[in-house]
Amino acid sequence: MEISSLLKRFNEPETLKMAKLGRELRAQGHDVIDLSVGEPDFDVPAHIKEAAKKAIDDNWSHYSPVPGYPDLREAVCHKLKRDNNLDYTIENIVVSTGAKQSLANVILSIVDEGDEVIIPTPYWVTYAALVQIARGEVVEIKSSLKSGYKITPKELEAAITPKTKAFMFSSPCNPSGSIYSKEELEGLAEVFRKYPNIYIISDEIYEYINYVGDHTSIAELDGMKERTIVVNGLSKGFAMTGWRLGYIAAPKDVAKACEKLQGQFTSGTNSVAQKAGVVALTAPLDATIEMVKEFERRKNRIVELLGKIDGLELAMPDGAFYAFPRVDAYFGKKAENGDVINNADDLCMYLLNTAHVSSVTGSAFGNNECIRFSYANNMNNIEKAMARIADALAKLK
Ligand code: PMP
């Protein structure tokens, strides 16, 4: 008896693996600081919790329509108009069990065997796995620290072939924190206008966690909305990771396809979370703004502390809650026990076992030179973790 070949085509998410290893070490009594996870360490704002409690009392306990309750899809349209000046109707919206499911729906709806999906590196772990599940081909565009981990229109055009089906990216980016400005997106859009058959999957889940100004969605640019699938969700901006609410705004045929797929996989997502989601998406964003202020304080501190560690090189993150320093200056060095650090995977494990700080290897994001630290942890832990990392790295010879 054998497990299917599908399972051999992709790996367990490295982010979840590191969190698991950290928990195991903690269970053995070690004081592990977790800088591996991608979730805000904040509570859900009170008005959203109240809406969920009311939804329970009002007996919103039944199956919902597969693409989500109409009032939630209306609220998504309201949000897209309010924040992004995008006009959609509820036929364009499909709500799912997290943006992760939204992305899975989209990839399985548009990618056939052999289709190419262009993904700039570094990218969120799940992108490549989803394309592999759909039997598509991942085409990476390598970006570097020098370019602020963003690609140029020329690099985009060079990666396009007759088999290109989609381009998938996140801005703000997990893991680099880079944000494409409106002008930079316009440069990419100009290339796309020459190739009308390529879908753009724009993951905007970190939209609100932005330290440099206005967020632009590529869907706002001329001719782009008709071919862009905007992916977003409530996990990051409202600290609602466990509530599992994500959504897409897409051309109607893609939305229909996602609905059909979701109808066989999960049906509509959690009814109570959906009702709370209506409030989250339509109420003022004060709690989010406060949270982002705190993230910015931590970002400044972690950048300052990483900057003091020899050999680490960092692009200033513009958004999200990650620092993604280059660590390759340490490759080839030896730990006190004689182990050689050959790559970012080894360095991550070394930091976990020696400094008791969990992080995520860049290789999980298609980048072999960096590691990712999440600063969704309190300032005290961030400072303690950076001191331990500095000590551990200084011991590498
Ligand atoms: N996109 C990106 C870039 C992410 O970092 C995450 C969460 N780590 C997601 C999508 C998925 O979020 P969720 O499924 O919680 O909505």
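The values are calculated or read from the model by the stated rules, or taken from the named source; none is laboratory data. Here the structure is a predicted model, which means the values were calculated and not measured. Heads up, the Cβs are rebuilt from the backbone with ideal geometry, glycines too, and the neighbour counts pull from every protein chain shown. Just so you know, the surface numbers come from the protein's heavy atoms only, side chains and all, with ligands and any DNA or RNA stripped out. Shrake-Rupley method; radii C 1.70, N 1.55, O 1.52, S 1.80 Å.
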Practice task
Answer yes if at least one residue in region 129-145 is within 13 Å of the ligand (Cβ to nearest atom) and not small (G, A, S), and no otherwise.
Solution key: yes
Handout entry: Pair list, Cβ under 9 Å, 6 or more apart: region 72-88 residue part of a loop (DSSP other than H, G, I, E, B), other residue surrounded by fewer than 17 Cβ atoms within 10 Å (Cβ to Cβ)
Key = D87/K81; Y88/K81
Completion exercise
Apart from one, (1) closer than 25 Å to G319 by Cα; (2) surrounded by 15 or more Cβ atoms within 10 Å (Cβ to Cβ); (3) hydrophobic (A, V, I, L, M, F, W, C) all hold for A51; the odd one out is (1)
Exercise for the section: Quickly run through region 83-128 and pick out the residues that are touching a strand residue (DSSP E or B) at 6+ places or on another chain (Cβ under 6 Å), of a type in the set (S, T, Y) and more than 16 Å from the ligand (Cβ to nearest atom). Expected result: Y88
Problem - T152 being away from the ligand (no atom under 12 Å from the Cβ) and open to solvent by less than 30 Å² (accessible area, probe 1.4 Å) - result: no
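Results for (1) open to solvent by 40 Å² or more (accessible area, probe 1.4 Å); (2) within 20 Å of N197 (Cα to Cα); (3) in contact with an Asp or Glu (Cβ under 7 Å, 6 or more places away or on another chain), shown as yes or no for each residue.
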{"site": "Y63", "(1), (2), (3)": "yes, no, no"}
{"site": "G98", "(1), (2), (3)": "no, no, no"}
{"site": "V106", "(1), (2), (3)": "no, yes, no"}
{"site": "D112", "(1), (2), (3)": "yes, yes, no"}
{"site": "E116", "(1), (2), (3)": "no, yes, yes"}
Handout entry: K256, sole failed condition from (1) surrounded by fewer than 17 Cβ atoms within 10 Å (Cβ to Cβ); (2) touching a Pro at 6+ places or on another chain (Cβ under 6 Å); (3) not acidic (D, E)
Key = (2)
Fill in the blank from the handout: Of the conditions (1) more than 17 Å from L108 (Cβ to Cβ); (2) open to solvent by 20 Å² or more (accessible area, probe 1.4 Å), the single one that F265 does not satisfy is (1)
Exercise for the section: May I ask you to verify whether Y127 is open to solvent by less than 30 Å² (accessible area, probe 1.4 Å), part of a loop (DSSP other than H, G, I, E, B) and closer than 30 Å to S359 by Cα? Expected result: no
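Listed here are the residues, each with its yes/no results for (1) within 15 Å of the ligand (Cβ to nearest atom); (2) farther than 21 Å from I90 by Cβ; (3) free of Cβ contacts under 8 Å to residues at least 40 places away in the same chain.
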| position | (1), (2), (3) |
| --- | --- |
| E207 | yes, no, no |
| N210 | yes, yes, no |
| V230 | yes, no, no |
| G233 | yes, no, no |
| K236 | yes, yes, no |
| G246 | yes, no, no |
| E259 | no, no, no |
| G277 | yes, no, no |
Handout entry: Residue in region 168-191 that is farthest from the ligand (Cβ to nearest atom), counting only those that are buried (at least 21 other Cβ atoms within 10 Å of the Cβ) and hydroxyl-bearing (S, T, Y)
Key = Y180
Exercise for the section: State yes or no: is V292 modelled with pLDDT of 95 or more, over 16 Å from S96 (Cβ atoms), part of a helix (DSSP H, G or I) and in contact with a His (Cβ under 9 Å, 6 or more places away or on another chain)? Expected result: no
Practice task
Can you work out which of the residues in region 282-303 that are in contact with a helix residue (DSSP H, G or I) (Cβ under 9 Å, 6 or more places away or on another chain) and farther than 26 Å from A51 by Cα is surrounded by the most Cβ atoms within 10 Å (Cβ to Cβ)?
Solution key: I302
Practice task
Kindly indicate whether K165 is open to solvent by 10 Å² or more (accessible area, probe 1.4 Å) and within 16 Å of the ligand (Cβ to nearest atom).
Solution key: no
